[in-house]
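The values are calculated or read from the model by the stated rules, or taken from the named source; none is laboratory data. On a predicted model such as this, the values are computed, not experimentally measured, just so you know. A quick note on method: Cβ atoms are made from the backbone with ideal geometry, for glycine too, and the neighbour counts reach across all protein chains shown. Accessible surface is based on the protein model in full, side chains and every heavy atom, while ligands, DNA and RNA are left aside. Shrake-Rupley method; radii C 1.70, N 1.55, O 1.52, S 1.80 Å.
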Amino acid sequence: MARGGRKSQGNPVDWVTRAADDAVRHAGEGNLVTVASGASPSGPIHLGNLREFITPHFVAEELRRRGVPVRHLHSWDDFDRFRKVPAGVPAEWADHIGRPLTAVPDPWECHATWAAHFRAPLQEALHELGVEMEEISQTEMYTSGAYRAQVLDAVARRDEIEAVLARHRTKKVSAGEDASAQEAADLAESVANEDDNPAAAASADAIARFPYRPYCRGCGRDTVTTTAYDDATTTLSYTCSSCGFEGITDLSTDNDGKLLWKVDWPMRWAFESVNFEPAGRDHMTPGSSYTVGTEIVSSIFDWRAPARVVYAFVGFAGMQKMSSSAGGVPTATDALRILEAPMLRWLYVRRTPTQAFDIDFGPAVVRLYDEWDALGRKAADPDKADVATLAWHRASATASAGRLPTPAVVVPFRTLSSVADVTAGSADHISRIVESSGFPHDSVSDLEPRLTMAMQWTAEHVPAAERTTVRESPDSERLASLSEDEEQWLRILLDRLREPMSLAEVTAVVYGVPKLARGLGLDDPPTEQVKADQKDFFRLLYRLLVAAERGPRLPTLVVALGPEKVRQLLGA
Ligand SMILES: [Zn+2]
Ligand SMILES: [Zn+2]
């Protein structure tokens with residue numbers, strides 16, 4: 001036994017391997033495996049929710065690699081009710097509260113419905129990430145009557161269902177009493193999210209806790225109270241508190257509503273034969289939909305709760321002006337403006353889903369790219385295969401898309417962003433500087449998509465105070481007060497600047513100036529005196545070139561500015 005799990009044929013084992021094993025065990029050897037995800041397109045789907053989609057995706061990919069038949073089924077919970085009007089949306093949208101998300105118009109007028117508006121950008125991002133899913137719409141499933149037999153079954157056995165729900169309601173209350181303030185708040189939040197109608201759930205009237213709720217035929221809202229149900233005719237009578245409509249719907253022929261969430265979820269596990277589905281931690285509290293669903297799925301729908309992983313929170317840091325519509329919370333689309341698709345995948349696959357982490361859009365992005373590039377070099381050597389390189393491979397390619405886009409010529413992100421920062425120039429301009437810095441390439445496209453990402457990151461995420469501002473004219477005051485040493489350093493530097501020079505040559509000269517000034521050769525190791533001189537010399541250069549104490553690496557800065565600009569600013 002190796003640390004961290006079993007090893008088979010010397011191959012490293014990670015959480016994906018184990019989750020895939022669980023899914024196969026659940027489905028039974030040789031059977032089609034269904035991995036599932038679900039999301040409500042009620043608002044922007046942020047990077048934390050991406051775990052819902054990408055976790056089963058990695059499991060499906062592992063199974064494809066093994067040659068196991070698998071489908072990734074994704075459910076858009078777009079038949080859910082519209083709950084509240086978010087900031088920035090006209091107040092009159094309050095009129096739509098209680099209607100299905102597919103019946104609410106798009107206030108931005110770019111899509112057919114509210115649901116489509118929030119579904120579309122995520123679909124695009126998932127496509128870019130190489131995540132392929134078989135998508136189903138719960139609006140279509142319910143309104144086509146696909147679940148009719150299951151709905152009738154659940155309604156016929158509503159007393160058994162209510163007994164399970166009631167037992168868990170009690171547990172939840174007692175768990176709440178023992179909980180800390182934060183846990184209690186989380187719990188209250190999850191009750192609010194999970195109970196489709198908390199007021200009715202608390203009611204003593206059994207008919208009010210009916211497991212199925214129609215949308216009102218008068219106004220389309222779910223603000224209905226079930227007044228009667230006739231088991232013989234399967235007709236349900238209701239009144240609507242919004243519009244006063246009193247109606248009847250026949251569950252054997254009409255398709256007006258849906259099962260309550262805690263019954264709906266396990267019904268769908270059974271209907272779709274789901275073998276694996278991840279769940280957010282909020283679904284795992286006592287009395288939560290997962291706990292309740294586990295009981296209901298076996299007692300009512302004759303299926304076993306799918307194998308699962310519970311995924312933890314993803315946070316964010318280092319954000320400047322976020323263009324996101326998510327109210328400052330970044331979406332996958334935002335992340336894909338600065339991270340190559342394989343890197344974003346890597347952030348999710350390299351940690352077990354139970355581990356919370358932050359995605360940092362600040363200076364950490366530069367280190368993240370360095371780490372990713374170093375891992376790519378390691379992954380190229382099969383002798384170095386381990387869990388880390390396995391994550392790199394999982395992140396880099398998918399069964400159907402093959403290798404996801406990465407630059408043909410890999411230039412460190414820090415180089416690209418420094419040049420973008422210093423020049424504030426076009427991609428072509430940056431490409432020429434990068435070329436002369438020792439990264440030969442045929443065209444700008446060889447540097448993509450990283451070059452564009454570096455430009456976007458520099459423009460959108462580096463705070464103005466940390467941006468480099470190249471001086472427009474020489475600092476005549478400072479140039480007039482140079483010491484003898486300083487004058488000598490600048491003279492040596494200017495003597496040796498030629499065009500063109502590679503980054504390596506410029507590096508040797510910039511570091512070598514204080515050596516030459518002390519009578520040493522360019523290749524001699526620096527003495528303590530030279531090291532002290534280098535510090536002073538570099539500080540002088542930053543002052544004269546960018547009017548700051550520090551900046552991008554000096555050789556990169558000198559190459560990016562070009563000898564002519566450097567001569568102008570150093571007063572030559
Ligand atoms: Zn839209
Ligand atoms: Zn109504």
Heavy-atom accessible area per residue of the chain, all protein chains kept, 1.4 Å probe, expressed in Å², is 45 Å²
Dividing the alpha-carbon radius of gyration of the range 231-363 by 2.2 N^0.38 Å, where N counts its residues, gives 1.51
Cβ-Cβ cut-off under 13 Å around Val444, Lys and Arg +1, Asp and Glu -1: the net charge is -3
Between Val387 and Gln488, the two model label points (7 Å from Cα along the beta-carbon direction) sit apart by a distance in nm of 5.7 nm
Expressed as a percent, the portion of alpha-carbon pairs in the range 491-564 spaced more than 22 Å apart is 17 percent
Free-by-geometry Cys in the chain, Cβ-Cβ under 4.7 Å as pairing rule, reported as Cys110
Whole-Å distance linking the alpha carbon centroid of the range 350-377 with that of the range 18-54 is 23 Å
Pseudo-spin-label distance Gln568 to Arg367, built 7 Å along Cα→Cβ, given in nm, is 3.7 nm
Carbon plus sulfur, as percent of the 1.4 Å-probe accessible area of the range 370-507, comes to 50 percent
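Counting only protein heavy atoms and using a 1.4 Å probe, what share of the accessible area of the range 39-167 belongs to carbon plus sulfur, as a whole percent? Spell out each step's value before the answer.
On the way: 2760 of 5370 Å².
Carbon plus sulfur share of accessible area: 51 percent.
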Reported to the nearest 10 Å², Ile248 has, with a 1.4 Å probe, an accessible area equal to 100 Å²
In Å, the C-alpha Rg and Dmax of the range 524-571 are 11.7, 32
A 1.4 Å probe over the protein heavy atoms gives the range 528-572 a carbon and sulfur accessible-area percentage of 45 percent
For the chain, one quarter of the surface area of the C-alpha convex hull, expressed in nm², comes to 33.6 nm²
Here the FRET efficiency for Thr527 versus Asn11, based on Cβ atoms and R0 = 35 Å and rounded to 0.05, is 0.10
Contact order relative to length for the range 1-128, counting C-alpha pairs under 8 Å separated by 6 or more residues, stands in percent at 21 percent
FRET efficiency (Glu29, Thr227; Cβ distance; R0 60 Å; to 0.05) is 0.75
Between Glu109 and Ser481, the FRET efficiency computed from the C-beta separation at R0 = 51 Å comes out, to the nearest 0.05, as 0.25
Number of Lys pairs in the chain closer than 21 Å at Cα, excluding neighbours under 8 places apart unless interchain, is 8
Computed over the chain: longest principal axis from alpha-carbon atoms vs helix 364-379 long axis, angle to nearest 10 degrees, is 90 degrees
Taking Cα atoms, the helix 528-546 axis meets the longest principal axis of the chain at an angle in degrees (rounded to 10) of 70 degrees
